[in-house]
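Trainee: What follows is a single structure, and I will ask about it in a moment.
The values are calculated or read from the model by the stated rules, or taken from the named source; none is laboratory data. Note that the structure is predicted; figures quoted are calculated from it, not measured. Cβ sites come from the backbone with ideal geometry, for glycine too, and all protein chains shown count toward neighbours.
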Amino acid sequence: MESTGTVAELVRRQWGDHRPAVKHGPTVLTHHQVVEGAARRAALLADLLPAGSEPHLGVLLDNTPEFPLWLSAAALAGAAVAGINPTRRGPELARDILHTEARVLITERAHLPLLAGLELPGVRVLVTGTEAYAELLTPYAGARPGDAVVAPVSRDSRMLLYFTSGSTGAPKAAICTQGRLAAAGQSLAGHFGVRPADVHYICMPMFHGNAVLADWAPALAAGAAVALRPRFSASGFLDDVRAYGATYFTYVGRAVQYLLATPERPDDRDHPLRLGFGTEAGAVDAARFRKRFGVELVEGYGSSEGGAALQRTPGTPPGAIGRAAPADDLAVVDPETGEERPSARFDAGGRLLNGDEAIGELVNRGQTPFEGYWRNPEADAERGRRGWYWTGDLFYRDPDGFLYFAGRTDDRLRVDGENLAAAMIENILARWDAAAAVAVHAVPDPVTGDQVMAALALREGQAFDPAAFAAFLRAQPDLGTKMAPRFVRIVEEMPVTATNKVHRVALRREGFRCPDPVWWDPAGEREYVPLDGEGLTGLLARYAEHGTRPPGG
């Protein structure tokens, strides 16, 4: 595959290609039609953006054909797309739009209620699918790629401003240039052998970096098609894959668990899908997915901002993500001192023996592709302390240099003086056959430190059996003495963010004082009983006695 320096070049070379490029329900656009539509939108954008303004537009859309059309238009015009999260509301939503300095906002009728009453000075709102929108585009019917630009196009041109989903504070808009996006697309297309005949199924939201960098960009680079699902649906997944002839998809968060929780069917392997690429599926669920659907899930790791990346390679041990590339200088360090952590040690059952000293934050001490945040020097400085790139993710490294994901830095628990990682406990609990989805988080101990709380979504037809759960825990050779959950919350459906990641902030905020049934192990002996009114009263009295604050309430 010929290397190309910008996304604009990748778009332009599809001109004259009349194979399918975008599929969405009954709508099918060819590559040539996409480039034509992008050229028209680029010309419209050039006329709408005020002179002297930043070349930015906001896109508040579900996964519809307009999203890749405007991505392509921005590339041709030298503009940047700010993906706007439709789960944000009120002042927070307005803040996201205004922070990116977008003077044009592309949306659809379904999202107009979100904008009602918001003060968006200087922002021109275009509503797709309306007569007014069609009339705006009509004068540009003959536009060709390159006819209109709002800023010079180069590898350094801003292409994306995509918000990272941090657990605290306002989301930060990470910058991605045309050069980085084009390189990411071409690298993944080469790594996975993407062919022009492939169809990439995009069911993750396109306002997030995962869907654009790991799904749309490699399809564009290879001249493949994309099939769009407005929003992820576990029940509609296989039907879509078959209808569109999809061969590749990306996932994040708990999407794989929800797919596994759907009722099994005799035709689960009757589909063209050959590969899934994403993060946080876990070794257990990846094996279940492969056994049930016959599809390999390739776990990768990449910080949203592009500062560090790992990919699984042949010979990677179970549970590991992979090794750092030879050119990268990735290290696992103490977040406070910056000193490198010792290698991990395991017992015969695979249990991590020295997690307290081996787990640390993954940093890139060499050159990184991180291009900064938009108008946020404080966040830039925090991310680049000591001249390194700090990922905000916990890892540990085995003696052979393989890296294992252990969660986010704010997913760390300290139980009886021992540091634990939520992701490690989740990987163990995910083996329980009754569990469809698992999330582990800390709740404050009445005296000091944390206690472990697990939220479980059960498979259809299952009820929580405390004795069976306790027996399962006792049978796990790698479950450390401090890892067993003190509290177990049974949820009908795991709360997730708009990017299908577990909404840990909500879980931590509610703790054991939540609307769902909670079981607990009062004596720490893996004997679970319901946390009823009497038990809750006694537990809260312990917090009051020690002057500590319980979660929730």
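Trainee: Within the group Thr130, Thr100, Thr138, which residue is closer than 19 Å to Leu49 by Cα and more than 22 Å from the chain's Cα centre (by Cα)? Even if it seems obvious, please write down each step before you answer.
Mentor: Details: Thr130 fails: closer than 19 Å to Leu49 by Cα; Thr100 fails: more than 22 Å from the chain's Cα centre (by Cα).
Sole residue among the options that is closer than 19 Å to Leu49 by Cα and more than 22 Å from the chain's Cα centre (by Cα): Thr138.
Trainee: A follow-up question, please. Within region 415-444, which residues are of a type outside the set (A, V, I, L, M, F, W, C), at pLDDT 85 or above and either under 24 Å from Leu362 (Cα atoms) or out of contact with any Lys or Arg (no Cβ under 9 Å at 6 or more places or on another chain) (or both)?
Mentor: Glu426, Asn427, Arg431, His441
Trainee: Could you please let me know if Val104 is crowded, with 17+ Cβ neighbours inside 10 Å, closer than 20 Å to Met206 by Cβ and among the hydrophobic types (A, V, I, L, M, F, W, C)?
Mentor: Working: crowded, with 17+ Cβ neighbours inside 10 Å: yes; closer than 20 Å to Met206 by Cβ: yes; among the hydrophobic types (A, V, I, L, M, F, W, C): yes.
Spelling it out, Val104 is indeed crowded, with 17+ Cβ neighbours inside 10 Å, closer than 20 Å to Met206 by Cβ and among the hydrophobic types (A, V, I, L, M, F, W, C).
Trainee: Another question, if that's okay. Just for region 117-150: of the residues that are part of a helix (DSSP H, G or I) and touching a residue at least 60 places away in the same chain (Cβ under 8 Å), which one is surrounded by the most Cβ atoms within 10 Å (Cβ to Cβ)? Walk me through it before giving the result.
Mentor: So the first thing to find is which residues in region 117-150 are part of a helix (DSSP H, G or I), and the list is 131-140.
Pick out the ones that are also touching a residue at least 60 places away in the same chain (Cβ under 8 Å) and you get 136-137, 140.
On the way: Leu136: 16, Leu137: 15, Tyr140: 20.
So the residue we want is Tyr140.
Trainee: Counting just the residues of region 295-311 that are part of a loop (DSSP other than H, G, I, E, B) and closer than 12 Å to Asp393 by Cβ, which one comes out modelled with the lowest pLDDT? Break it down stepwise before answering.
Mentor: Narrowing region 295-311 to residues part of a loop (DSSP other than H, G, I, E, B): 295, 303-308.
Filter once more, keeping what is closer than 12 Å to Asp393 by Cβ: 303-305, 307-308.
Values: Ser303: 77, Ser304: 72, Glu305: 87, Gly307: 89, Ala308: 90.
Applying the filter and picking the extreme gives Ser304.
Trainee: In addition: Taking only region 66-105 into account, find how many residues are out of contact with any helix residue (DSSP H, G or I) (no Cβ under 8 Å at 6 or more places or on another chain) and within 21 Å of Val22 (Cβ to Cβ). Can you show your working first?
Mentor: Going through region 66-105, the residues out of contact with any helix residue (DSSP H, G or I) (no Cβ under 8 Å at 6 or more places or on another chain) turn out to be 66-67, 87, 90-92, 94-102.
From what is left, the residues that are within 21 Å of Val22 (Cβ to Cβ) are 66-67.
Of the residues in that region, 2 qualify.
Yes/no per residue for (1) assigned to a loop (DSSP other than H, G, I, E, B); (2) not small (Gly, Ala, Ser):
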| site | (1), (2) |
| --- | --- |
| Ala82 | no, no |
| Pro86 | yes, yes |
| Ser154 | yes, no |
| Ala173 | no, no |
| Cys176 | no, yes |
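Trainee: Which residue is surrounded by the fewest Cβ atoms within 10 Å (Cβ to Cβ), if the candidates are limited to region 193-218 and must be modelled with pLDDT under 95 and part of a loop (DSSP other than H, G, I, E, B)?
Mentor: His208
Trainee: May I ask you to say which residue of Ala51, Ala38 is surrounded by fewer than 21 Cβ atoms within 10 Å (Cβ to Cβ), out of contact with any strand residue (DSSP E or B) (no Cβ under 6 Å at 6 or more places or on another chain) and among the hydrophobic types (A, V, I, L, M, F, W, C)?
Mentor: Numbers: Ala38 fails: surrounded by fewer than 21 Cβ atoms within 10 Å (Cβ to Cβ).
Residue meeting the stated conditions: Ala51.
Trainee: I've got another one for you. Tell me yes or no: at least one residue of region 498-517 is under 20 Å from Leu413 (Cα atoms), in contact with an Asp or Glu (Cβ under 6 Å, 6 or more places away or on another chain) and either surrounded by 15 or more Cβ atoms within 10 Å (Cβ to Cβ) or not assigned by TED's automatic domain parsing to the domain that holds Gly355 (or both).
Mentor: We begin by selecting, within region 498-517, every residue under 20 Å from Leu413 (Cα atoms); these are 501-513.
Add one more test, that the residue is in contact with an Asp or Glu (Cβ under 6 Å, 6 or more places away or on another chain), and what stays is none.
Looking through region 498-517, none of the residues is under 20 Å from Leu413 (Cα atoms), in contact with an Asp or Glu (Cβ under 6 Å, 6 or more places away or on another chain) and either surrounded by 15 or more Cβ atoms within 10 Å (Cβ to Cβ) or not assigned by TED's automatic domain parsing to the domain that holds Gly355 (or both).
Trainee: Related question: Go through region 64-95 and give me each residue that's in contact with a His (Cβ under 8 Å, 6 or more places away or on another chain), modelled with pLDDT of 95 or more and either at positive phi or not β-branched (Val, Ile, Thr) (or both).
Mentor: Scanning region 64-95 gives Pro65, Ala79, Ala80, Ala82, Gly83.
Trainee: Please enumerate the residues belonging to region 275-294 that are assigned to a loop (DSSP other than H, G, I, E, B) and either in contact with a strand residue (DSSP E or B) (Cβ under 9 Å, 6 or more places away or on another chain) or not small (Gly, Ala, Ser) (or both).
Mentor: First pass over region 275-294, keeping only residues assigned to a loop (DSSP other than H, G, I, E, B): 279-282, 294.
Once the filter is applied, which keeps residues that are assigned to a loop (DSSP other than H, G, I, E, B) and either in contact with a strand residue (DSSP E or B) (Cβ under 9 Å, 6 or more places away or on another chain) or not small (Gly, Ala, Ser) (or both), region 275-294 yields Thr279, Glu280, Ala281, Gly282.
Trainee: Restricting attention to region 425-445, does a residue exist that is without any contact (Cβ under 8 Å) to a residue 24 or more places away in the chain and small (Gly, Ala, Ser)?
Mentor: no
Trainee: A further question follows. Which one of the conditions (1) touching a residue at least 40 places away in the same chain (Cβ under 8 Å); (2) out of contact with any Phe, Trp or Tyr (no Cβ under 7 Å at 6 or more places or on another chain) does Ala173 fail to meet, given that it meets all the rest?
Mentor: For Ala173, the failing item is (2).
Trainee: Scan region 369-384 and report the pairs whose first residue is without any contact (Cβ under 8 Å) to a residue 60 or more places away in the chain and assigned by TED's automatic domain parsing to the domain that holds Asp329 and whose second residue is crowded, with 17+ Cβ neighbours inside 10 Å and part of a strand (DSSP E or B), with Cβ atoms within less than 6 Å and a gap of 6+ or a chain change.
Mentor: From region 369-384, the pairs are Asp380/Tyr373.
Trainee: From the list Ala184, Ala224, which residue is touching a residue at least 24 places away in the same chain (Cβ under 8 Å), touching a Lys or Arg at 6+ places or on another chain (Cβ under 8 Å) and not polar (S, T, N, Q)? Write out each step before concluding.
Mentor: Working: Ala184 fails: touching a Lys or Arg at 6+ places or on another chain (Cβ under 8 Å).
Of Ala184, Ala224, the one residue that is touching a residue at least 24 places away in the same chain (Cβ under 8 Å), touching a Lys or Arg at 6+ places or on another chain (Cβ under 8 Å) and not polar (S, T, N, Q) is Ala224.
Trainee: Against the conditions (1) under 20 Å from Leu260 (Cβ atoms); (2) not in a strand (DSSP E or B), where does Ala454 fall short? Just the number, please.
Mentor: (2)
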